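This report refers to the structure that appears directly beneath it.
The values are calculated or read from the model by the stated rules, or taken from the named source; none is laboratory data. Note that the structure is a prediction, hence the values are computed from the model and not measured. Here the Cβ positions follow ideal geometry from the backbone for every residue, glycine too, while neighbour counts run over all protein chains shown. All accessible areas refer to the heavy atoms of the entire protein, side chains included, with ligands and DNA or RNA removed. Shrake-Rupley method; radii C 1.70, N 1.55, O 1.52, S 1.80 Å.
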Amino acid sequence: MYVVGNELSQANLMSALEAGLQAMRSGEHVFDFSATEKADSAAVAAMVAWQREAGKLGVSLAFQAVPSTLQSLMALYGLSTHFTSSAPVPERH
């Protein structure tokens with residue numbers, strides 16, 4: 001299981017994206033967002049890129065503990081059904 005960092009946003013998109021791709025290429029196919037406290041639309045872009053790479057590798061990718069704000073962004077963009085994910089995690093305050 002690959003644990004996504006505490007932030008996945010425009011500020012760190014490229015490094016986070018590459019870390020996820022490396023994890024996938026190393027055999028990780030479950031991405032855990034339980035540590036992710038900050039996510040913006042760049043997180044959705046990363047998820048799309050990770051999903052695309054999983055398709056190229058012929059593997060199924062699953063996302064777990066996706067924060068509700070990120071789930072909302074996925075719904076806004078019409079992408080909710082394109083990802084396998086567990087129930088959203090309540091927001092941390």
Considering only protein heavy atoms, what is the solvent-accessible area of residue 30 at a probe of 1.4 Å, reported in Å² to the nearest 10?
-> 50
With residue 23 itself left out, Lys, Arg at +1 and Asp, Glu at -1 over residues whose Cβ is under 14 Å from its Cβ give -3
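Within the chain, what whole-number % of the accessible surface is contributed by carbon and sulfur, with the 1.4 Å probe and all protein chains included in the calculation?
55
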Theoretical gain in end-to-end length, residue 40 to residue 53 [0.36 nm per residue, Cα-Cα removed] | 2.6 nm
How much accessible surface area, in Å² rounded to 10, belongs to the heavy atoms of residue 79 with a 1.4 Å probe?
-> 40
Rolling a 1.4 angstrom probe over the protein heavy atoms, how many square angstrom per residue are accessible across the chain?
-> 54
Choice from 83, 63, 33 with maximal GNM fluctuation in the chain (Cα, 10 Å cutoff) | 83
